[in-house]
Amino acid sequence: MKQDPTRNAAYTVDCDDYVHVVEFNPFESGDSGNLIAYGGNNYVVIGTCTFQEEETDIEGIQYKTLRTFHHGIRVDGIAWSPETRLDSLPVVIKFCTSAIDMKIRLFTSDLQDKNEYKVLEGHSDFINGLAFDPKEGREIASVSDDHTCRIWNLEGAQTAHFVLHSPGMSVCWHPEENFKLMVAEKNGTIRFYDLLAQQAILSLESEQIPLMSAHWCLKNTFKVGAVAGNDWIIWDITRSSYPQETRPVHMDRAYLFRWSTISENLFATTGYPGKMTSQLQIHHLGHTQPVLTGSVAVGSGLSWHRTLPLCAIGGDHKLLFWVTEI
């Protein structure tokens, strides 16, 4: 729980396992602490963290583990449900995971006696992205190397199924209009689907491949960002299906792209994991160079805090947090 200037991370938290994925809860869960989930080789850990940027009487970061869920297999993806509440009785913790066995697990807990999970099966290859519908949390979308996007209800039944032209890499729901879904494919195509009509309504094209990650900007839903090849790419869907701006950033291929939740001009990218020094870069559209470059020996996962210009990455038995100025 200390400042860590040697690696550029503002704060670190020690973990019992290698951290493959980390996700701040993006929804208001009714508690002063910020819920965070991270996944290792066998476990999912749910905790809260509060930062000195929020509360002046805290030095650095205050982290507390709420519960560790046995997962039995490496965790590759985590998505929070908007039904998660810390200010209700009983407490509701709800999230889902993707794993290397091509299954989705839906966890529900009250942090007391109720700890359940349901397995959602149907994908025939690696799952690259998953997300809850952000309004009600009644459906989960997932995309996979099996060239499909699937929509599931909480009982585990598939309610929709879209055939893709290449592996599905990322999936995002529109924050307000629950029937709109964005799906990014490895071949550089990003499609927007109308779930009521069950068909594509718009597409964007990247001039670079492979597209590894894409994200819908929640502060301005006309903006979409992605990483493909060594570059980050930004589209304005009101102007063109081709990118507005492209810039090379990671020498060893770019891996993840995430918009900040508080600014439509702030986003982060990471380089490919497993290289000697995975790079985290934080970018601002008003600056030609990254506004922050962090280095971590091996890093994986990338998530922005809900209300602060702060992002987290997982690492070797560590969570690492970087803070930037807007």
remark   = Dipole check, the chain, charges on Cβ (K,R +1; D,E -1), about Cα centroid: among 320, 268, 232 the Cα furthest to the positive pole belongs to 232
Filtered GluC sites (Glu not before Pro), segment 110-148: DSSP coil and at most 14 other beta carbons within 10 Å = 121, 136
request  = Assuming a ≥ b ≥ c are the square roots of the Cα gyration tensor eigenvalues, decide whether segment 161-221 counts as rounded (a/c under 1.5), prolate (otherwise, with a/b larger than b/c) or oblate.
outcome  = oblate
request  = Using θ = phi - 60° and the Karplus relation 6.51 cos²θ - 1.76 cosθ + 1.60, list the HN-Hα couplings for segment 155-161 in order, rounded to whole Hz, with x at every Gly or Pro.
outcome  = 7, x, 8, 7, 9, 7, 8
note = Low-density loop chymotrypsin sites (Phe, Trp or Tyr not before Pro), segment 219-299, at most 14 other Cβ within 10 Å, DSSP non-H/G/I/E/B, are 222
query = Over the chain, what percent of the accessible surface lies on carbon and sulfur atoms, probe 1.4 Å?
reply = 46
request  = Could you rank the peptides 166-178, 300-312, 186-198 by their average count of other C-beta atoms within 10 Å per residue, with the highest value first?
outcome  = 300-312, 166-178, 186-198
task = Using Cα pairs closer than 8 Å and at least 6 residues apart in sequence, work out the relative contact order for segment 87-223, in percent.
result = 14
key: Efficiency of FRET from Cβ geometry, residue 252 and residue 179, R₀ 41 Å, rounded to 0.05   = 0.60
inquiry  = Give the separation of the Cα centroids, segment 75-124 to segment 131-161, in Å.
reply    = 13
message = In whole Hz and in residue order, list the ³J(HN,Hα) couplings for segment 295-303 that follow from phi through the Karplus curve 6.51 cos²θ - 1.76 cosθ + 1.60, θ = phi - 60°; x for Gly and Pro.
response = 10, 9, 3, 9, x, 8, x, 6, 8
ask   = Which lysines, on any chain, are close to residue 114 with Cα under 27 Å apart, when same-chain ones fewer than 8 places away are left out?
value = 64, 94, 103, 135
remark   = Ranked output for segments 98-106, 141-149, 280-288 by mean other Cβ atoms within 10 Å, highest leading, reads 141-149, 98-106, 280-288
remark   = Quick note, segment 189-326: a/c under 1.5 would make it rounded; otherwise a/b > b/c is prolate and the rest oblate (a ≥ b ≥ c, C-alpha gyration tensor); here it is prolate
Answer label for volume of the Cα convex hull per residue in Å³ (calculated), chosen among (i) 131; (ii) 112; (iii) 122 = (iii)
ask   = Accessible surface of residue 21 in the full protein assembly, 1.4 angstrom probe, to the nearest 10 Å²?
value = 10
query = According to a simple spin-label model (label point 7 Å from Cα along Cα-to-Cβ), what is the distance in nm between residue 87 and residue 67?
reply = 2.1
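The values are calculated or read from the model by the stated rules, or taken from the named source; none is laboratory data. Worth saying up front: this structure is predicted, and the values here are computed from it rather than measured. We place every Cβ from the backbone using ideal geometry, glycine too, and count neighbours over all the protein chains shown. Just the protein is used for accessible areas: all its heavy atoms, side chains included, with ligands, DNA and RNA removed. Shrake-Rupley method; radii C 1.70, N 1.55, O 1.52, S 1.80 Å.
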